[in-house]
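A short write-up of the structure that comes next.
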Amino acid sequence: MSPQINLVTEINKEYDIVIAGAGPVGCVIAERLASECDYKVLIVDKRAHIAGNCFDTHHESGVLIHRYGPHYFRTNKQELIDYLSKFTEWVPGNYIVKSSVGGELYPFPINLLTLRQFFKKPEMTSEEAADLLASLRLDIAEPANSEEFVLSRVGKEMYESFYLGYTLKQWAIHPRDLAPSVCGRIPVRLNTDSRYVDHQFQLTPAAGFSTMFGNMISHPNIDVLLNTDFGNIKIEVNPTIATVYTGPVDEYFDFNLGKLPWRSLEFEFKEKPVEVFQECVQINYPNEHDYTRSVEIKHVTGQQHPHTVISYEFPCAEGDPYYPIPMEENANLYERYKLLADAETEKNNVYFCGRLAEYKYFNTDEVIERALNTFNLIRKRYEHK
């Protein structure tokens, strides 16, 4: 059954809380404040749907797709699973990623199976793999950038095969000009674990992310106003308690310190007349094609359908903001905006939360935790008012 969201087309009453953005942050904070504090909440979003970049929908073929790229939910925290389980049932995640190099598909992130295949040593042990990497890696005690970080872990040949081309396509910036954390997020394993991540819980909402977040905000205290830019109406709404802003922080302040740069994406969806087209949910293409990866989300959703849909992901400079660009000058500019945001919180009760508002990449579990923390801040500050 579809969530019963209370959609409104105009603002005709007073609210305790106004939230700019109907993505994961907005939905979680709205649900908590409506359920726990009995606040009247309005969510405003410029898109025609809820769930933000987690939005999933049915392709014209009937296959469920992740419209803005794959979302692989994972966490080590039982309490987060317990909270979200109020709004969804789950199916097991199957997050297997491979990388296409030289016409072969290799497990990625790099693990013992990758090393055996790449170096053509099928009997290599973990100890032998550790010795091999030790002989290949460059002696860089404190890597200053992503190139140095990868070279210090796997050496030049694997860096050039698996990392360099992908990074150049993804960011249009050489790894030597990106922070070590960009490639540092990717583990290197000396076992045969081929999962993309090693978290305890790797799950997908059984009916999809849109339904999960829709169930969250199906509450009599929550109104949702879509197709509306918060910037165009913020002077019209005066919540009695607080505003939560989840959009780009520089946009909130009319870019008065300059524009924070983002990397964007374009997607191409192709229907295939087969049940399954590729052997795992995601294949990376570091050295071929204009796209960085192809994703067949059916591997994760478990949907039964005679056809499938593959999404091809093309990084680009213009478009919706997806990834903050991790360079020192951008971090410094954000810190200046953060000072403005902190002052706005104290002076006007506006809370900034989420990837766009904090100029930081968050996984889905991380951004939900950020939202729960912000909810607690608001509740503690106003619970006696």
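The values are calculated or read from the model by the stated rules, or taken from the named source; none is laboratory data. Just so we're clear, the structure is a prediction, and the values are computed from it rather than from any experiment. Backbone-built Cβ (ideal geometry, glycine too); neighbour counts: all protein chains shown.
Is it the case that Ile50 is in contact (Cβ under 8 Å) with a residue 24 or more places away in the chain, part of a loop (DSSP other than H, G, I, E, B), more than 13 Å from Pro205 (Cβ to Cβ) and among the β-branched types (Val, Ile, Thr)? Criteria met by Ile50.
Looking at the structure I just gave you, is Asp290 assigned to a loop (DSSP other than H, G, I, E, B), over 17 Å from Ser100 (Cβ atoms) and in contact (Cβ under 8 Å) with a residue 24 or more places away in the chain? Answer is no for this residue. When the residues of the stretch 4-27 are filtered to those that are assigned to a loop (DSSP other than H, G, I, E, B) and of a type in the set (Val, Ile, Thr), the one that is nearest to the chain's Cα centre (by Cα) is Ile5. For Phe267, the test of being surrounded by fewer than 17 Cβ atoms within 10 Å (Cβ to Cβ) and either of a type outside the set (Val, Ile, Thr) or in contact with a His (Cβ under 6 Å, 6 or more places away or on another chain) (or both) is passed. In the set (1) modelled with pLDDT of 95 or more; (2) touching a Leu at 6+ places or on another chain (Cβ under 8 Å); (3) surrounded by fewer than 21 Cβ atoms within 10 Å (Cβ to Cβ); (4) not in a helix (DSSP H, G or I), Ile81 fails one condition alone, (4).
A single entry from Ile43, Ile29, Ile17, Ile11 fulfils the requirement of being surrounded by 13 or more Cβ atoms within 10 Å (Cβ to Cβ) and within 28 Å of Gln200 (Cβ to Cβ): Ile29.
In the stretch 335-363, the qualifying residues are those that are of a type in the set (Ser, Thr, Tyr) and buried (at least 19 other Cβ atoms within 10 Å of the Cβ), and the one that is farthest from Tyr322 (Cα to Cα) is Tyr351. Listed here are the helices (runs of 4 or more DSSP H) enclosed by the stretch 97-213 that have at least 2 residues being charged (D, E, K, R) and either in contact (Cβ under 8 Å) with a residue 60 or more places away in the chain or over 30 Å from Thr57 (Cα atoms) (or both): 126-136, 146-158.
Checking Asp290, Asp254 one by one, the residue that is within 30 Å of Tyr15 (Cα to Cα) and either surrounded by fewer than 22 Cβ atoms within 10 Å (Cβ to Cβ) or assigned by TED's automatic domain parsing to the domain that holds Val41 (or both) is Asp254 and no other.
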